[in-house]
Amino acid sequence: MRSRKSQGVVRRLVSIIVQRLALAVASLFVVSLIIFGSVTLLPGNYATAVLGQSATPESVAAFERELGLDRPAVERYVSWISGAVKGDFGASFTSRGDSKRYVSAMVAPRLFNTMFLAAIVAIIAVPLSIFLGVICAFYRNGWVDRILNSTTLTVISVPEFFVAYILTYFVIMRDNFVMTGWAQALPTWLSEWLATGFAAIPAFPILSDVAPDMGFIDRLWMITLPALTLGLVTVAYMMRMTRAAIMNLLATPYVEMAHLKGVSPFSIIVRHALPNAWGPIAYVVTVNLAYLITGVVVVEVVFVYPGAGQLLVDAVRSRDIPVVQACTLIFASAYILLNLVTDIVTIVTNPRLLHPR
């Protein structure tokens, strides 16, 4: 009897996962159409932008023919998506003739930098946010819970670029605090105390100028401010969601029964509530990982970090269509893939599905 139930659970899991895979592939196809159509319908003309408004129609037509922009949209889409499946996104519009710069070669090192930044933030943020969420649930409505909740709510409410500018401001003030007008207006003891505090801030690099041949420690040092910016926002959101998931489970009947039996609050959270909260927590973690990969554009631009987001912004400015399409498709694919992982993890960690009555 138990074997039949187990087989039914496995079949149900496989069926749901296959459905999610099919939905992910369909979503990626629709997204590729939207990306291609949106870039194609952008106002302006790349040939005119490069050759200038005084260019003759003949020279514009010749330039478009060289880049393949004179072909029908359907033909260009099929050529682009078939190449993208193989990892070939064509050549950048900024390269012509024999000095071609292939998009894949341009995107690969930038994507590595973005993934490195996201990985460092995730390694620190995920365990820290889960730990803080458990602490808040354990000391619920206490001063620790109130302070952490107020702080994280403030961080979530502030845009990322503003958090980045605040961190940059503190680093700049490290050496220039006593030179500011409002510092000179403060009492001497307070001004000296604040100056000492600012001087204790490490001299983090404001511009994250990462070189390909840079060592691991040097690379970590250069990404300190971008990682702090992303980490603050990510930890704040994941901590609050972890706390909410555990608090919801603490209101369930079996937890109340454990209270009546005299089980300690710590054991209730760690042994009863937390294992059943892994599903919602896993969902929050994977969604935030998707955000880390796709939401780094603002942070990369603020700190001039040479990642895929910065490359995308530069390509939009120069109307380099192949690079824009490649970066956007990669970001969309990463987001869809991580959401697929989110669905699968949520399904696998669902006790009602794994242990049906």
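Nothing in this text is a laboratory measurement; each read-out follows from the coordinates by a stated rule. Just so we're clear, the structure is a prediction, and the values are computed from it rather than from any experiment. Glycine gets a Cβ as well: all are built from the backbone with ideal geometry, and neighbour counts include every protein chain shown.
Which residues among region 137-160 fall inside the zone where the amide N is under 16 Å from a point 7 Å beyond the Cα of V313, along Cα→Cβ?
Those under the cut-off are 159-160.
Taking 56 Å as R0, compute the FRET efficiency from the Cβ-Cβ separation of S267 and A26 and round it to 0.05.
Plugging the Cβ-Cβ distance into 1/(1 + (r/R0)^6) gives 0.80.
Starting from the Cα of L207, move 7 Å in the Cα-to-Cβ direction to define the label point; list residues of region 293-335 whose amide nitrogen is under 11 Å from there.
Counting backbone N atoms under 11 Å from the label point, the list is 304-305.
Rounded, prolate or oblate: which one fits region 107-354, using the alpha carbon gyration tensor with axes a ≥ b ≥ c (rounded when a/c is under 1.5, else prolate when a/b beats b/c, else oblate)?
Oblate is the answer for region 107-354, as a/c is 1.5 or above yet b/c matches or exceeds a/b.
With the cut-off at 15 Å, report for region 105-151 the share of all Cα pairs above it, as a whole percent.
59 percent
Multiply the residue gap between Y254 and S15 by 0.36 nm, knock off their C-alpha separation, and tell me the result in nm, one decimal place. Mind showing how you got there, number by number?
Numbers: separation 239, 0.36 × 239 = 86.04 nm, distance 3.11 nm.
Gain in length upon complete extension: 82.9 nm.
Work out how much length N141 to I156 would gain on full extension: take 0.36 nm times their residue separation and subtract the Cα-Cα distance, in nm to one decimal.
Stretched fully, the N141-I156 segment lengthens by 3.4 nm.
Label points 7 Å out from Cα along the Cβ direction at V304 and I123: separation in nm?
Each label point lies 7 Å from its Cα, and together they span 2.7 nm.
Determine one quarter of the surface area of the Cα convex hull of region 253-357, which equals its mean projected area, and express it in nm² to one decimal.
9.7 nm²
Starting from the Cα-Cα distance between A61 and E75, subtract it from 0.36 nm times their residue separation and give me the gain in nm to one decimal.
3.2 nm
In whole Å, what are the extents of region 126-176 along the principal axes defined by its C-alpha atoms, from largest to smallest?
Answer, in whole Å and largest first: 41, 20, 20 Å.
Amide H of A91: which non-local residues (sequence gap of 5 or more, or other chain) have their own amide H closer than 5 Å, using H built in the peptide plane?
So A91 has HN proximity to V103.
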